[in-house]
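Take a look at the structure set out below.
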Amino acid sequence: MSFSERTNTTRWIIISVCFLIISLILWNTYNFFLIFKNEERLKMNLFVNAQITIVNADENTDVELPLQIIDNNTSIPAIVILFDKVVSAKNVPDEILNNKKKRDIFLKKLKSENEPITFEYAPGKYQTLYYGNSALLNKLKYYPIALLLIVFLCIALIYNFYKSTKMATQKKLWAGMAKRNRTSDRNTFCLL
């Protein structure tokens, strides 16, 4: 009986350790998500500052760095809006920009992903930057779901293994009991 209790305790320890490891992985994934989201917000603030510098540039202003900042944004979709008109866009397909209905749906999606940045590009004149999550951030968002799916599949596999092992043990027990009964029936038959 102590062997069975020891195995049961060992199983619960293993399950607890696995649960702890999975919880740590999910927590770290969430922290990575927040870090990347903040990094993207900082990149978009740099993007806004580059836009302001270019709009307010004169012939003596060095615009090389602001242009590099704008050109190097290759993963974050961004749209700058002024009075419901698109001033500039980056990483947004043309079919969305040219179709007002698709653009409005896309802007709602961007608003739900991130808080828009309103900035003053000239005294008293404001533009709004709407930006979405990068492809990396969207993939990272689905990573915990994939991890949980893998964990549930492993749990199902382990459960089926223990269930089949238990059934095999029971079958062996019944087979042994049947064999013993046949032997005792033969012995009884021989005695008669």
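The values are calculated or read from the model by the stated rules, or taken from the named source; none is laboratory data. Source: prediction; values computed, not measured. In this analysis, Cβ positions are derived from the backbone assuming ideal geometry, glycine residues included, and neighbour counts consider all displayed protein chains. Ligands, DNA and RNA are excluded from the accessible area calculation, which covers all protein heavy atoms including side chains. Shrake-Rupley method; radii C 1.70, N 1.55, O 1.52, S 1.80 Å.
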- Note on the structure: Quick numbers on the stretch 1-105, Rg and Dmax over C-alpha atoms in Å, give 25.4, 89
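Extension gain K179-A57, at 0.36 nm per residue separation less the Cα-Cα distance, in nm?
Numbers: separation 122, 0.36 × 122 = 43.92 nm, distance 9.65 nm.
Between K179 and A57, full extension yields 34.3 nm more.
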- Query: For the stretch 82-137 and the stretch 148-176, what is the separation of their Cα centres, given in Å?
  - Reply: 54 Å
- Query: Which shape class applies to the stretch 55-156: rounded if a/c is under 1.5, otherwise prolate when a/b exceeds b/c and oblate if not, where a ≥ b ≥ c are the square roots of the Cα gyration tensor eigenvalues?
  - Reply: prolate
- Item | Protection proxy ranking of 166-173, 19-26 - average other beta-carbon atoms within 10 Å, highest first | 19-26, 166-173
- Item | Vicinal HN-Hα couplings computed from phi for the stretch 72-83 (Karplus, 6.51 cos²θ - 1.76 cosθ + 1.60; Hz; Gly/Pro x) | 7, 7, 10, 10, 9, x, 9, 9, 9, 10, 9, 6
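By the gyration tensor of its Cα atoms, with a ≥ b ≥ c the square roots of the eigenvalues, what is the shape of the stretch 91-146: rounded for a/c under 1.5, prolate for a/b over b/c, or oblate?
Values: a/c = 2.86, a/b = 1.57, b/c = 1.82.
The shape class here is oblate.
What is the packing order of peptides 85-96, 50-61, taking the mean over residues of other C-beta atoms within 10 Å and listing the highest first? Let's see the in-between values first.
Numbers: 85-96: 14.3, 50-61: 12.8.
With the highest mean Cβ count within 10 Å placed first, the list reads 85-96, 50-61.
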- Using the heavy atoms of the protein chains alone and a 1.4 angstrom probe, what is the accessible area of the chain per residue in square angstrom? 77 Å²
- Item | Mean Cα-pair separation over length for the stretch 26-182, i.e. relative contact order, pairs under 8 Å, 6 or more apart, % | 22 percent
- Query: How big is the accessible area of C18 in square angstrom, nearest 10, if you roll a 1.4 angstrom probe over the protein chains?
  - Reply: 70 Å²
- Message: Based only on Cα atoms, what mean projected area does the convex hull of the stretch 112-186 have, in nm²?
- Response: 7.2 nm²
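Largest first and in whole Å, give the semi-axes of the stretch 38-95's equivalent ellipsoid, each being the square root of 5 times a Cα gyration tensor eigenvalue.
On the way: eigenvalues 76, 46, 23 Å².
Those come to 20, 15, 11 Å.
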- Message: At 7 Å along Cα-to-Cβ for each site, give me the label-to-label distance between K108 and I13 in nm.
- Response: 5.5 nm
- Message: Please compute one quarter of the surface area of the Cα convex hull for the chain and express it in square nanometres.
- Response: 20.2 nm²
- Neighbourhood charge, 15 Å Cβ-Cβ cut-off, centred on N138 and excluding it, Lys, Arg +1 and Asp, Glu -1: +1
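Express the carbon and sulfur contribution to the solvent-accessible surface of the chain as a percent, rounded to the nearest whole number, probe 1.4 angstrom. Please report the intermediate quantities before stating the final value.
Numbers: 9370 of 14700 Å².
The C+S portion of the solvent-accessible surface of the chain is 64 percent.
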